Amino acid sequence: MPVEAAYSDKVMEHFTNPRNVGEIPDASGIGTVGNPVCGDVMRIYLGIEDNVITDAKFKTFGCGAAIATSSMVTELVKGKTIEEALAITNKAVAEALDGLPPIKMHCSVLAEEGVQAAIEDYRKKSGITNEQ
């Protein structure tokens, strides 16, 4: 079976035409996560104003599923509050892509963790503690 057959049309669309590729100069928060086992490294950039994510971009070195999940998670978090963005799970990312092969679910975990890391970076830069 060709590799493409294991991926949904939506995964292939986000891989071949990824959204929000690049960096945000002076990003509010940057999260870098990686999986040394598969070699995927994901960096998520967030622009945050008044507790709302106004922009999201990514740079990912990895497989098609890593690029597709990065693209999708940046789409999912735009316009969301920080709390709403933190509630986006890897399963939500995978579902938004109409599913991922089980062997590629770790890519959706990286996307979730990348957003969490970027928000944590924003909170550290802003002097916001998790208790607030």
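The values are calculated or read from the model by the stated rules, or taken from the named source; none is laboratory data. For clarity, every value in this text was computed on a predicted model and none was experimentally measured. Note: ideal-geometry Cβ built from the backbone for every residue, glycine included; neighbour counts use all protein chains shown.
Points worth noting:
- Residue, surrounded by the most Cβ atoms within 10 Å (Cβ to Cβ), within the range 51-85, restricted to residues that are within 9 Å of the chain's Cα centre (by Cα) and of a type in the set (S, T, N, Q): THR69
- Scanning the range 61-85 for residues that are among the polar types (S, T, N, Q) and free of Cβ contacts under 8 Å to residues at least 40 places away in the same chain yields a count of 1.
- Residue identified as farther than 12 Å from SER28 by Cα, touching a Gly at 6+ places or on another chain (Cβ under 6 Å) and of a type in the set (Gly, Ala, Ser) among GLY62, GLY114: GLY114
- Within the range 86-103, restricting attention to residues that are in a loop (DSSP other than H, G, I, E, B) and either small (Gly, Ala, Ser) or without any contact (Cβ under 8 Å) to a residue 60 or more places away in the chain (or both), the residue that is surrounded by the most Cβ atoms within 10 Å (Cβ to Cβ) is ILE88.
- Test for ALA85: is it under 20 Å from TYR7 (Cα atoms) and at pLDDT 95 or above: no
- Among the residues of the range 109-123, just one is without any contact (Cβ under 8 Å) to a residue 60 or more places away in the chain and surrounded by fewer than 20 Cβ atoms within 10 Å (Cβ to Cβ), namely VAL109.
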